[in-house]
1. Once the Cβ-Cβ distance between residue 223 and residue 20 is put in as r, and R0 is 22 Å, what FRET efficiency do you end up with, to the nearest 0.05?
2. Quick check: the angle from helix 226-239's long axis to the longest principal axis of the chain, C-alpha only, nearest 10 degrees?
3. Among 226, 151, 36, whose mean-square fluctuation peaks in a Gaussian network model of the chain (Cα, cutoff 10 Å)?
4. Dipole magnitude of the chain about its Cα centre, charges +1 at Lys/Arg Cβ and -1 at Asp/Glu Cβ only, in debye to the nearest 20?
5. Can you give me the Kirkwood hydrodynamic radius for segment 54-172, using every pair of distinct Cα atoms, in Å to one decimal?
6. Extent of segment 97-236 along each principal axis, from alpha carbon coordinates, in Å, largest to smallest?
7. If R₀ is 25 angstrom, what is the calculated FRET efficiency for the pair residue 204 and residue 72, using the beta carbon separation as r and rounding to 0.05?
8. Charges on Cβ only, +1 for Lys and Arg, -1 for Asp and Glu, centred on the Cα centroid of segment 197-263; of 213, 232, 199, which one is farthest towards the dipole's positive end?
Amino acid sequence: MVDGAPNYDDSAGYERFMGRWSRAVAPIFIDWVAPPAHARWLEVGCGTGAFTECVLDRCAPASVCAVDHSEAQLASARERLATRQVDFRVVDGQALPFPDGMFEVVASALVVNFLPDRPRALREMGRVVRASGIVAAYVWDFAAERSPSGPVRRAMRRLGVDVPLLPGTQDSTVDALGSLFERTGLREIEVRAIEVTLAYSDFEDFWKAQTPAYVPTSKTIAAMSPSERARLMDAVRAELPAVAGDRIEYAARANAIRARASS
């Protein structure tokens with residue numbers, strides 16, 4: 001468990017909350033990174049396997065090793081990708097148990113900001129990738145409240161509710177990511193924003209997805225009185241764009257970065 005991060009052992013809740021967003025960003029990110037075919041991949045923080053599956057489908061990798069700190073998340077990923085060739089392991093992303101230069105591509109999707117010692121984790125990623133290999137990552141733009149939970153968090157703040165700060169928020173901007181990668185010795189650094197728009201069938205579908213028990217804001221919401229919660233839900237509705245019928249549709253933004261390991 002990453003210090004200060006939500007408890008992601010609820011893999012079903014994570015899939016309902018974040019899985020659809022992960023799958024929307026992943027192909028755009030992979031196409032932008034433009035990794036070589038038949039490469040040896042390491043994914044740091046694979047969760048339930050949404051990004052892993054995209055790598056398998058789009059990149060023709062020679063091999064994929066996917067690691068995460070949560071056995072529950074890995075169990076979900078193993079079940080989903082049971083017919084695919086992936087080496088899943090429980091591993092601390094800040095202390096990778098691999099030899100120097102083992103992989104051609106090291107990627108991390110929606111994880112870097114949650115790692116307590118981000119410089120150490122990035123040095124580890126740079127160590128296990130071969131010379132001139134690719135290290136790439138993306139995180140939600142938490143600093144601008146443009147993550148999928150942004151409408152809820154903005155509404156809570158507008159009502160004066162204390163909104164739990166997400167770990168690594170200060171390192172979620174494109175400038176901060178670039179500086180972080182640069183300080184850890186990576187080169188040829190490029191950054192970009194990736195915006196995706198997704199839809200929910202109605203507000204109930206949206207609200208259920210947004211409030212799994214493991215998310216810190218859900219605990220705050222659960223402690224509210226019925227009238228306070230109803231007021232918050234009205235405020236959240238006001239944060240969401242108006243669309244036809246009951247449909248809920250809005251955009252979130254991830255900030256992405258790619259770099260090369262030192263020769």
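1. Values: r = 27 Å, r/R0 = 1.24.
Calculated transfer efficiency: 0.20.
2. The helix 226-239 is inclined about 60 degrees to the chain.
3. Residue with maximal mean-square fluctuation among 226, 151, 36: 226.
4. On the way: 31 positive and 34 negative charges, 57 e Å.
Here the size comes out at about 280 debye.
5. On the way: mean 1/r = 0.0615 Å⁻¹.
Evaluated over segment 54-172, this radius sits at 16.3 Å.
6. On the principal axes, segment 97-236 reaches 58, 28, 28 Å in Cα extent.
7. 0.40
8. 213
No value in this document is a laboratory result; all are computed from the given coordinates. Quick caveat, the model's predicted, so the values are computed rather than measured. No Cβ is skipped: glycine too gets one built from the backbone with ideal geometry, and neighbour counts run over all protein chains shown.
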